[in-house]
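Below is one structure, written out as structure tokens; the observations come after it.
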Amino acid sequence: EALKRNKAIHEDIQELEEWIMDKEHEAPADDGPIFYQDQIRERLEQYQKVQTELSLKENIVRNLVLQGRQDLNLPSSSAPELAQSLETLVSNWTNLQKKVDTKVLFYTDIYTLHEELKNLLHQENVWLDTLQNKIFSSTNNGADAEEISEELDTIERYVKTHSKTSYEKIFEISDRLQATKVSLPATNTLTNQFRIRWEQLHDDAYKKIHTLNSQISDYQHMGHQITAMFEWMKHTDSTLNARLNDDVYADDVPG
């Protein structure tokens with residue numbers, strides 16, 4: 001009876017070892033690079049499936065190890081062999097669990113980072129759309145100094161009050177993804193396009209600000225000239241009136 005029981009335990013251990021070996025093949029040390037977004041989700045689902053299968057097997061493994069350890073207390077010539085088999089089983093099982101848990105965590109993080117990157121790119125591009133409209137949609141033809149000043153204030157405030165945190169976060173996430181072999185060509189293209197667009201529109205914004213400042217300066221200069229001209233006209237008018245009142249004419253004034 002003891003031999004029969006011992007043989008059954010060995011067979012169960014062998015069966016589990018084969019199952020673990022199969023799962024090891026499904027969880028290689030290096031999964032290779034990722035090039036498409038769907039691969040992230042596929043790998044995450046793949047390892048979550050193995051993780052679930054491990055959870056379902058856990059009670060079987062625990063009971064088998066418990067049963068085996070109880071049998072080690074019985075007098076048997078195969079006790080050392082059983083002890084070694086149990087130790088190997090526990091080690092292989094634990095290693096597989098750790099590996100799969102690590103993979104699930106890794107791909108969960110990758111997936112989360114990728115989603116965050118996509119959201120940040122969308123938000124920042126929406127902000128750039130508005131900036132672009134503010135730069136290029138306005139027409140200053142016929143605008144007075146006050147209107148130009150308001151436009152200048154609007155663009156300056158829009159640029160200066162926008163935090164650069166999201167911009168920096170985009171490239172931080174992009175670098176992290178590339179460092180973990182998750183280099184998606186489509187996302188890289190979007191990120192690079194965003195960088196170029198960001199720099200170009202900020203350059204355009206500063207040029208616009210410079211132009212508006214110049215226009216305001218021109219208006220102010222023109223205003224000073226007009227004021228000076230009115231002062232001159234006022235002075236001339238006063239002088240002429242004074243001469244007329246005093247019956248002084250140009251011919252009477254010494255040359």
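When only alpha carbons are used to place a centre, segment 139-198 and segment 83-121 end up 36 Å from one another. Straight-line cross-link reach from Lys23 at under 16 Å between alpha-carbon atoms covers these lysines, not counting any fewer than eight positions away in the same chain: Lys49, Lys57, Lys98, Lys99, Lys103.
Length gained on full extension, Thr130 to Glu17: 34.6 nm, using 0.36 nm per residue less the C-alpha separation.
Partner aspartates and glutamates whose Cα lies under 17 Å from the Cα of Lys118, excluding those fewer than 8 positions away in the same chain, are identified as Asp38, Asp109, Asp129, Glu168, Glu172, Asp175. Cross-link partners for Lys4 among the aspartates and glutamates, with Cα-Cα distance under 17 Å and sequence neighbours closer than 8 places in the same chain left out: Asp12, Glu15, Asp71, Glu81. Extent along the principal axes, Cα only, for segment 2-104: 58, 21, 18 Å, with the longest axis given first.
Read-outs throughout are calculated quantities, based only on the coordinates presented, and are distinct from any laboratory measurement. It should be emphasised that the depicted structure is a prediction, and the values quoted were computed from it without experimental measurement.
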